[in-house]
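The next block holds one structure in the form of structure tokens; read it before the comments.
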């Protein structure tokens, strides 16, 4: 009887021990997965995240099998994921941002983001078949960075620098400097004049008209 009890206890102990090691293995694997994910997030530098988006956009532009609308939709998705349009809108309107109503702010973000997306695409589309070099990055502080790039062509190197802000674990573009010209600086002064003269609603109508013209061309 004692022998049977001992054998039973021994078998149960073996099963418990086996399960214990299985549980330890699962815990270890989960801990490793979490750590790997954390390291991945930490290592996703401004340059790394920017490269992922820019390279993906260039791949789409180089894909001759895509139709025009399909290409635009794919690029629009990538641009919307990486561009910080609300911050860009605030910087463009400056003091007028706070003077605008919530409805006007939201309308401006929608229209201006569409306009900027088209402008950026139009600028970079000319360099579809060229090579992009990621030169360096400068971190102004833990939440701000500038990534310096250039597009290498046969005749010249075209500098394109990206200003990024960190939102959560993502680095988002809030300005693009193409050949030393800010993507949003061109709009800032002209928009301020329009608002001063005719108000923000007039500006919204002018942007709508510009988008219609761009779509028609």
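Before moving on, here are some points about what is shown:
- Residues that are within 28 Å of residue 215 (Cα to Cα), touching a strand residue (DSSP E or B) at 6+ places or on another chain (Cβ under 8 Å) and assigned by TED's automatic domain parsing to the domain that holds residue 205 occur in region 138-156; there is at least one.
- Filtered residues of region 91-113 (kept if in contact (Cβ under 8 Å) with a residue 60 or more places away in the chain and under 24 Å from residue 149 (Cα atoms)): 91, 92
- Matching entry among 68, 54 (being over 18 Å from residue 116 (Cα atoms), modelled with pLDDT under 90 and in the same structural domain as residue 173 (by TED's automatic domain parsing)): 68
- Answer residue from region 183-205, given it is closer than 17 Å to residue 117 by Cα and in a helix (DSSP H, G or I) and is modelled with the lowest pLDDT among those: 186
The values are calculated or read from the model by the stated rules, or taken from the named source; none is laboratory data. The model shown is predicted, which means the values in this text are computed figures rather than measured ones. Neighbour counts are summed over all protein chains in view; Cβ atoms, including those assigned to glycine, are modelled from backbone coordinates with ideal geometry.
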